[in-house]
Amino acid sequence: MEKSVDAVRAVLPEIADISDPQLRAKVENIWLQVWKESEWDNLADVPKNVGKDNGIKLLVHVRSVIRISMAMADSIAHFHGVKVDQDRLLAATILHDVDKVLLYAPNGSKSPMYKALPHTLYTAHKMLEHGLDHELVNMVITHSENHCTKAPMSVEAMILKHGDHGESEAVRMAVDVLGKVNA
Ligand SMILES: [Fe+2]
Ligand SMILES: [Fe+2]
């Protein structure tokens, strides 16, 4: 498969919902660069995890978290009047697990990067390289408590952290504990 921006847009159509063209370009370019640096031919094959999560695919998880995060933002805006920057929440959510493309290899193993770097570190590096600001990076790195000593510093970071965690735990309950098969 040709590794192109169009191919990234095809598997992550939510990128088109980022209204700021500069932010949108950075998000899709980070996905494209990480894909090109990887051994993966098809992004749809990348797993969410190796050794757990029953073969759930990364893109399925990411797209599910995007929907949950945007719904949470919409709800707290509606019921609490809390303003959420949709573009920035969307950008951080789309990027939050992109390093997994490099943490897991197509042969089913964990990569040398996985052994050396904590989850989110390489994503933070790519975000800074593309000129994204520290608060946006904070949204991404704080979603993973196991790998970050910093706390969320924005409403958007808090939504992403709990949207990601809630999605993962609900699906684990359904699949691992109750034995429901992925539809
Ligand atoms: Fe993660
Ligand atoms: Fe995630």
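Within the range 1-23, the set of residues being in contact (Cβ under 8 Å) with a residue 40 or more places away in the chain and part of a helix (DSSP H, G or I) comprises Val11, Glu14, Ile15, Asp17, Leu23.
Name the residues in the range 150-183 that are in a loop (DSSP other than H, G, I, E, B) and under 30 Å from Asp20 (Cβ atoms), would you? Please lay out each step first, then the result.
The initial filter retains those residues of the range 150-183 that are in a loop (DSSP other than H, G, I, E, B), namely 150-154, 178-183.
Those that are in a loop (DSSP other than H, G, I, E, B) and under 30 Å from Asp20 (Cβ atoms): Lys150, Ala151, Pro152, Met153, Ser154.
Return the residues of the range 135-153 that are in contact (Cβ under 8 Å) with a residue 40 or more places away in the chain, away from ligand 2 (no atom under 12 Å from the Cβ) and closer than 17 Å to Ile68 by Cβ; say none if nothing qualifies. Within the range 135-153, Met139 is the sole residue that qualifies. May I ask you to list pairs of residues, at least six apart or on different chains, whose Cβ atoms are under 6 Å apart, with the first in the range 116-128 being in contact (Cβ under 8 Å) with a residue 24 or more places away in the chain and the second being of a type in the set (Gly, Ala, Ser) and crowded, with 16+ Cβ neighbours inside 10 Å? Hits for this filter: His119/Ser144; Thr120/Ser144.
Looking only at residues of the range 142-155 that are surrounded by 12 or more Cβ atoms within 10 Å (Cβ to Cβ) and within 16 Å of ligand 1 (Cβ to nearest atom), we find that the one that is nearest to Asn54 (Cα to Cα) is Ser144.
The set of residues from the range 80-100 being in contact with a Phe, Trp or Tyr (Cβ under 7 Å, 6 or more places away or on another chain) and in a helix (DSSP H, G or I) is empty.
Could you say which residue among Asp99, Asp176 is under 26 Å from Ser38 (Cα atoms) and of a type in the set (D, E, K, R)?
Working: Asp176 fails: under 26 Å from Ser38 (Cα atoms).
None of the other options fit; the residue is Asp99.
Pairing residues of the range 79-100 that are more than 27 Å from Pro112 (Cα to Cα) with residues that are more than 16 Å from ligand 1 (Cβ to nearest atom) and of a type in the set (Gly, Ala, Ser), at Cβ distances under 7 Å and at least 6 apart in sequence or on separate chains, gives Lys83/Ala77; Val84/Ala73; Val84/Ala77; Gln86/Ala73; Asp87/Ser19; Leu89/Ala73.
If the requirement is being within 12 Å of ligand 2 (Cβ to nearest atom) and surrounded by 15 or more Cβ atoms within 10 Å (Cβ to Cβ), which of these qualifies: Leu102, Leu132, Leu160?
Among Leu102, Leu132, Leu160, only Leu160 is within 12 Å of ligand 2 (Cβ to nearest atom) and surrounded by 15 or more Cβ atoms within 10 Å (Cβ to Cβ).
Taking every residue in the range 50-64 that is within 23 Å of Lys115 (Cβ to Cβ) and pairing it with any residue that is aromatic (Phe, Trp, Tyr), at least 6 positions away or on another chain, the pairs with Cβ-Cβ distances below 9 Å are Val50/Tyr104; Val50/Tyr114; Leu58/Tyr104. Applying the criterion of being within 12 Å of ligand 2 (Cβ to nearest atom) and not in a helix (DSSP H, G or I) to the residues of the range 105-126, the residue that is surrounded by the most Cβ atoms within 10 Å (Cβ to Cβ) is Thr120.
Can you report the number of residues in the range 34-55 which are surrounded by fewer than 16 Cβ atoms within 10 Å (Cβ to Cβ) and part of a helix (DSSP H, G or I)? Let's see the steps before the verdict.
Going residue by residue through the range 34-55, those that are surrounded by fewer than 16 Cβ atoms within 10 Å (Cβ to Cβ) are 36-37, 39, 41-42, 44-45, 51-52, 54-55.
Filter once more, keeping what is part of a helix (DSSP H, G or I): 36-37, 44-45.
Residues that pass the stated criteria total 4.
Read-outs: derived from the displayed coordinates by stated rules, not from any lab. Just so you know, these numbers come straight off a predicted model, no measurement behind them. Don't worry about glycine lacking a Cβ; one is built from the backbone with ideal geometry, like all the others, and counts go over all protein chains shown.
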